[in-house]
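Pasting in a structure now, in structure tokens, and then I'll have a few things to ask.
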Amino acid sequence: MQHKIVITGGPGTGKSTVIDELSNRNFLCMPEISRQITLNAREKGIEQLFLTKPLLFSELLLEGRVNQYIEAEKKNTDLVFFDRGIPDVHAYMNYISIDYPKTYVNKSNLYRYDSIFLMPPWEEIYISDNERYENFEQALAIHNHLKRTYKKLKYPIIEVPTGTVQERTDFILAFIKQ
């Protein structure tokens, strides 16, 4: 049986770096897709799709994450890691206080993961860039919304301690092997 593992957290917490390390160690990893959606919108002349049309952005993201989940199930592997999960979509909608359809939560309950690893806010490594517009205080608020959303969906959350990329990756892998 395939074990589906989400690595989540606010922006700039090192999620993608750990996903890259897991990929380098030959684990199947499903990448974060929000940057690609943002870049696709930019090519169509929409500078910040999440800020200008948050429901459209979230619909595209939800569809993309569900597709990733379905795609992962087709792979012949025991472990698959996701850079963010389906519940992240409505956690972000809660963060910006925008109503969304019940299908968001329904899909989060339909497509369940086995483990949720939450990367805590870490100011020393936080960097803003062209796709990451949040400041550190906003990253903290997003972290809290993510934690609340996964708890509401009855997921046990494993918080990943700060440390080197190798230490954080080793922590996740050791926890899974228990």
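For the range 151-174, what are the residues that are among the small types (Gly, Ala, Ser) and either at pLDDT below 95 or surrounded by 18 or more Cβ atoms within 10 Å (Cβ to Cβ) (or both)?
Gly163
When you scan the range 142-150, do you find a residue that is at pLDDT 90 or above, surrounded by 15 or more Cβ atoms within 10 Å (Cβ to Cβ), part of a helix (DSSP H, G or I) and among the aromatic types (Phe, Trp, Tyr), even just one?
So far as the range 142-150 goes, yes, one or more of its residues are at pLDDT 90 or above, surrounded by 15 or more Cβ atoms within 10 Å (Cβ to Cβ), part of a helix (DSSP H, G or I) and among the aromatic types (Phe, Trp, Tyr).
Just to be sure I understand, how many residues within the range 126-137 are surrounded by 14 or more Cβ atoms within 10 Å (Cβ to Cβ) and either under 12 Å from Ala91 (Cα atoms) or modelled with pLDDT of 80 or more (or both)?
Qualifying residue count, the range 126-137: 0.
The values are calculated or read from the model by the stated rules, or taken from the named source; none is laboratory data. Keep in mind the model is a prediction, meaning the values are calculated, not measured. Ideal geometry is used to build each Cβ from the backbone, glycine not excepted, and the neighbour counts take in all protein chains shown.
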